[in-house]
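Notes follow once the structure below has been shown.
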Amino acid sequence: MSTETLPSYLEGAWRRGGGAGTPVADAVTGATVTHVSSEGLDLAAAVAYARGTGLAALGELTFHQRAEALKAAALALRERRQELYDLSARAGATRSDAQVDVDGGIGTAVVYARLGREGLPDHTLIAEDDPVPLGKAGTFAGRHVLTTPRGISLQINAFNFPVWGLLEKLAPALLAGLPTIVKPATPTAYIAAHAVRIVEESGTLPPGTLQLVSGSIPGLFDLLGGQDHIGFTGSAATAARLRSDPAVTRRSARFNAEADSLNCSVLGPDALPGQPEFELFADALVTEMTVKAGQKCTAIRRAFVPANLLGAVSEAVEARLAKVVVGAPGADGVTMGALVGLAQRADVRAAVARLASAGTIVYGDPHQVEVAGADGERGAFLSPLLLRVDDVARPEPHEVEAFGPVSTLLPYHGVTDLLDLVARGEGSLAGSVVSRDGDFVREVVLGAAAHHGRILVLDRDSAAESTGHGTPMPQLVHGGPGRAGGGEEEGGLRAVHAHLRRTAVQGGPAVLDAITAGADE
Ligand code: NAP
């Protein structure tokens, strides 16, 4: 890749922003990968192109035809996924990390293509439910229809999933007939841009369906309003800033936020050392700490353990962490790559210092790690770090998200105490309960459900097929209340519905039938 400015894909052409741009460094070597700038690009023209060309082209396709286009785009990406793996390595991702992002994204798009074909009508509108009679004589009724808004989908993504983030938002928007403008996060924008390039070169999507802004988007929110959908993933602080924009507060653009989250995993009191559930808990915790070097919004940050098992769990996790080999993606034996950049490492170290002020670091040194195949100071490498906080009343473990290979062990005494502690995360994307005690599991799931978008129950019987704590599934809701952003993505066709406009149509039954013919879901 050349180090000149990363282009944006706007109005059907690749265009470079002006100025020096923001340099993006290779996470492993520190070398400059590219510069990111949107200076001077005509974003108003891009929005107009989406609303004109993109909306019209998608409007000519039925849900089934859009599903076909989506599938073709996903297959084009699959064909060239090696290119995306190679670029992901420059962002610190091992092959398996890259697969989580790249194959996870492609798989999500493929699932959506199937859901669109099988669950939506071969039509451009959806007639929901059955007509509701509204008069005694049967001459007047009502029915809800879902139609495509006259707007766009703006997606703003976090750095950690440049491909999955792009595809999990593109899929429902595309099915709904909304053209997309993607604004990837600067540190990994070159990966998202390459994914867009592959899709563009495949010619699988109608013109105007997908545009990309590499860099900031000044003034773009001023162009958005009630017909538009904004899908945001990133930090709670940025979500708060964007959701207070007049585009949202005055003009009612839809705003869906997926923000950060202090996800928990709970070990049941039945899961004593030697029980499969004890091992599953320790394995899952280490997986969540090390996959993508812990840069996952769903990673386990708070590991709740019965107080009497804290020492044993700590030992089991430490023993597993001792086997982790940190280093350059692809280097011999490496099992955990780098953080996305040195600034991110500095952020994580600062967060770990805050967490450590409430307890102790029981594994790892935030300032020292043996690195295989790379220079540990030039690259953004960090040891996995396990903390233990015995004083669970301290705010830090429930408030500080260290967005790296970091997790904290916390003791609990009984279910009531546990549920109080879980709730102190103030809303999470994912939680898990590792136990085979049905009563305990039920109490925890029902007690914690209101604070979670998704809860995984793990035991010896389901482990072999389990998709794991940290993996959002396209069929299931991804999102969480409160601090996690209050949004909802995926969840099968729910995400498509969320991009459409629901209108109650009232009239005579024959009129309603004529309007909705062939559009039954
Ligand atoms: P971030 O700094 O909040 O940035 C997120 C996105 O917002 C980036 O694309 C960023 O662009 C953009 N942005 C920032 N300010 C903006 C503005 N004024 N107008 C328009 N866009 C703006 O978050 P991040 O560091 O990339 O991601 C890490 C965070 O995301 C973590 O806290 C993590 O928990 C969270 N996350 C959540 C999920 C989820 O599904 N809930 C998934 C992944 C990550 P620039 O990069 O160009 O500034």
* **Residue within region 277-285 that is surrounded by 23 or more Cβ atoms within 10 Å (Cβ to Cβ), closer than 20 Å to residue 424 by Cβ and more than 16 Å from the ligand (Cβ to nearest atom) present** => yes
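Does region 288-307 contain any residue that is more than 16 Å from the ligand (Cβ to nearest atom) and either surrounded by fewer than 17 Cβ atoms within 10 Å (Cβ to Cβ) or hydroxyl-bearing (Ser, Thr, Tyr) (or both)? Spell out how you get there, then give the answer.
Quick first cut of region 288-307, residues more than 16 Å from the ligand (Cβ to nearest atom) only: 290, 303-307.
Okay, now just the ones that are also either surrounded by fewer than 17 Cβ atoms within 10 Å (Cβ to Cβ) or hydroxyl-bearing (Ser, Thr, Tyr) (or both), so 290, 307.
The answer is yes, given that some residue of region 288-307 is more than 16 Å from the ligand (Cβ to nearest atom) and either surrounded by fewer than 17 Cβ atoms within 10 Å (Cβ to Cβ) or hydroxyl-bearing (Ser, Thr, Tyr) (or both).
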* To do: Scan region 105-132 and report the pairs whose first residue is modelled with pLDDT under 95 and whose second residue is open to solvent by 20 Å² or more (accessible area, probe 1.4 Å) and in a loop (DSSP other than H, G, I, E, B), with Cβ atoms within less than 9 Å and a gap of 6+ or a chain change.
  => 129/521
* Looking at residue 404, is it at pLDDT 95 or above, within 16 Å of the ligand (Cβ to nearest atom) and in contact with a Gly (Cβ under 7 Å, 6 or more places away or on another chain)? -> yes
* Asked: What is the residue count in region 228-266 for residues that are more than 29 Å from residue 285 (Cα to Cα), β-branched (Val, Ile, Thr) and open to solvent by 20 Å² or more (accessible area, probe 1.4 Å)?
  -> 2
* Lone qualifier among 484, 498, 463, 504 - being touching a residue at least 12 places away in the same chain (Cβ under 8 Å), of a type in the set (A, V, I, L, M), within 16 Å of the ligand (Cβ to nearest atom) and open to solvent by 10 Å² or more (accessible area, probe 1.4 Å) -> 498
* Might you check whether a residue that is over 30 Å from residue 238 (Cβ atoms), in a helix (DSSP H, G or I), open to solvent by less than 50 Å² (accessible area, probe 1.4 Å) and of a type in the set (A, V, I, L, M, F, W, C) occurs anywhere in region 425-441? => yes
* Output the residue which, of all residues in region 332-350 that are surrounded by 20 or more Cβ atoms within 10 Å (Cβ to Cβ) and without any contact (Cβ under 8 Å) to a residue 60 or more places away in the chain, is nearest to residue 314 (Cα to Cα). => 348
* Residue that is acidic (Asp, Glu), open to solvent by 50 Å² or more (accessible area, probe 1.4 Å) and in a loop (DSSP other than H, G, I, E, B), where the choices are 39, 83, 68 -> 39
* Asked: Does residue 227 qualify as being more than 10 Å from the ligand (Cβ to nearest atom), touching a Gly at 6+ places or on another chain (Cβ under 6 Å) and in contact (Cβ under 8 Å) with a residue 24 or more places away in the chain?
  -> yes
* To do: Select from region 507-521 the residues that are out of contact with any His (no Cβ under 9 Å at 6 or more places or on another chain), open to solvent by less than 30 Å² (accessible area, probe 1.4 Å) and part of a loop (DSSP other than H, G, I, E, B) and list them in ascending order.
  => 508
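Among the residues of region 169-194, what is the count of those that are in a strand (DSSP E or B) and without any contact (Cβ under 8 Å) to a residue 40 or more places away in the chain?
Of the residues in region 169-194, 2 are in a strand (DSSP E or B) and without any contact (Cβ under 8 Å) to a residue 40 or more places away in the chain.
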* Quick one: count up the residues across region 141-168 that are more than 9 Å from the ligand (Cβ to nearest atom), in a loop (DSSP other than H, G, I, E, B) and surrounded by 24 or more Cβ atoms within 10 Å (Cβ to Cβ). => 3
* **Among the residues listed as 325, 305, the single one being out of contact with any helix residue (DSSP H, G or I) (no Cβ under 9 Å at 6 or more places or on another chain) and at pLDDT 95 or above** => 325
* **Unique match (being open to solvent by 60 Å² or more (accessible area, probe 1.4 Å) and either modelled with pLDDT under 95 or within 16 Å of the ligand (Cβ to nearest atom) (or both)) among 22, 34, 29** => 22
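The values are calculated or read from the model by the stated rules, or taken from the named source; none is laboratory data. Just so you know, these numbers come straight off a predicted model, no measurement behind them. Please note: Cβ atoms are built from the backbone with ideal geometry, for glycine as well, and neighbour counts cover all protein chains shown. Note: areas computed on protein heavy atoms with side chains; ligands, DNA, RNA excluded. Shrake-Rupley method; radii C 1.70, N 1.55, O 1.52, S 1.80 Å.
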